[in-house]
1. Could you grab me the full set of residues in the range A:22-43 that are in contact (Cβ under 8 Å) with a residue 40 or more places away in the chain and either surrounded by 14 or more Cβ atoms within 10 Å (Cβ to Cβ) or more than 11 Å from chain B (Cβ to nearest Cβ) (or both)?
2. What number of residues within the range A:8-22 satisfy the criterion of being more than 12 Å from the chain's Cα centre (by Cα) and of a type outside the set (S, T, N, Q)?
3. Based on what the data block shows, is A:ARG70 modelled with pLDDT of 95 or more and assigned to a strand (DSSP E or B)?
4. Check every one of the strands (runs of 3 or more DSSP E) wholly within the range A:17-63 and list those with 2 or more residues that are under 20 Å from B:ILE19 (Cα atoms).
5. For the subset of the range B:12-21 comprising residues that are of a type outside the set (A, V, I, L, M) and facing chain A (nearest Cβ under 9 Å), which member is surrounded by the most Cβ atoms within 10 Å (Cβ to Cβ)?
6. Are there any strands (runs of 3 or more DSSP E) wholly within the range B:79-119 with 3 or more residues that are more than 8 Å from every other protein chain (Cβ to nearest Cβ) and modelled with pLDDT of 95 or more, and if so which?
7. Return the total of residues in the range B:1-11 being at the interface with another protein chain (Cβ under 10 Å from one of its Cβ atoms) and either within 21 Å of B:THR100 (Cβ to Cβ) or surrounded by fewer than 17 Cβ atoms within 10 Å (Cβ to Cβ) (or both).
8. Just need a number here: residues in the range A:60-86 that are surrounded by 15 or more Cβ atoms within 10 Å (Cβ to Cβ) and among the small types (Gly, Ala, Ser).
There are 2 protein chains.
Amino acid sequence: MPFDPQTLAYDSNGLIPAIAQDHGTGEVLMLAWMNAEAVAQTLATGRVTYWSRSRAAFWIKGETSGHTQRLVELRVDCDRDCVLVLVAQEGPACHTNRRTCFYTAVRDGAEMEIMAPIP
Amino acid sequence: MPFDPQTLAYDSNGLIPAIAQDHGTGEVLMLAWMNAEAVAQTLATGRVTYWSRSRAAFWIKGETSGHTQRLVELRVDCDRDCVLVLVAQEGPACHTNRRTCFYTAVRDGAEMEIMAPIP
């Protein structure tokens, strides 16, 4: 069946959560948002493209930082209201220069950083 | 620093997206939603608990199906607006009886199922 980005279930703002996972290591790198056009552009260009809610603009990941995400595969969940992008991540995914955005763990009721910024 | 679920950044509905990942295999199993109380209950009980938007009720994963998620670790992202739960998944995570909800891939512009239901 041909894939049509319009058939996904977007929220009231026209957005769908997109989980980025490193295709090699399996690390969950980040969660961001896409609209239908961002999904289409990601598939067409192979460069993972989000919709920045804060800037209200397309966000080609790594366009300014160089920390790009090359699309390896896009997957859709059972409810069609979330996508998973398997990516080849260039450098850190997080704007804090850490490999992933999920560098804070809750252990024994306390928060702790479990990952340092890349030097 | 003690972790307080109230310090997370919830959306206008009081919800935060929660990504469940198999702690052993690294598979991304599903995305669902939590409110502050669901985060607190998940940490307190070790049984991953979501907020079901369709039923408007707490959803202790696997309570009826037996396909529970035991919490291994909860992580918070840099913006504090998404959580990652590393889990020990009992049986399939997806209500379609597949291991994960992300069983549909887009390849060469077409959708295809890449995972069969567990027999």
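1. Kept after step one, since they are in contact (Cβ under 8 Å) with a residue 40 or more places away in the chain, are these residues of the range A:22-43: A:22-24, A:27-31, A:34, A:39, A:42-43.
The answer is A:ASP22, A:HIS23, A:GLU27, A:VAL28, A:LEU29, A:MET30, A:LEU31, A:MET34, A:VAL39, A:THR42, A:LEU43.
2. We begin by selecting, within the range A:8-22, every residue more than 12 Å from the chain's Cα centre (by Cα); these are A:8-15.
Pick out the ones that are also of a type outside the set (S, T, N, Q) and you get A:8-11, A:14-15.
Total meeting the criteria: 6.
3. On the way: modelled with pLDDT of 95 or more: yes; assigned to a strand (DSSP E or B): yes.
Criteria met by A:ARG70.
4. Details: elements: A:28-34, A:49-52, A:57-60.
Fully inside the range A:17-63 and qualifying: A:28-34, A:49-52.
5. Among those residues, the one meeting the criterion is B:GLN21.
6. Values: elements: B:83-89, B:104-107, B:110-113.
Qualifying strands (runs of 3 or more DSSP E): B:83-89.
7. Restricting attention to the range B:1-11, the residues satisfying the condition of being at the interface with another protein chain (Cβ under 10 Å from one of its Cβ atoms) are B:1-5, B:7, B:11.
Narrowing further to those that are either within 21 Å of B:THR100 (Cβ to Cβ) or surrounded by fewer than 17 Cβ atoms within 10 Å (Cβ to Cβ) (or both): B:1-2, B:4, B:7, B:11.
Count: 5.
8. Going through the range A:60-86 one residue at a time, the tally reaches 1.
The values are calculated or read from the model by the stated rules, or taken from the named source; none is laboratory data. Fair warning: this is a prediction, and the values are worked out from it, not measured in the lab. Heads up, the Cβs are rebuilt from the backbone with ideal geometry, glycines too, and the neighbour counts pull from every protein chain shown.
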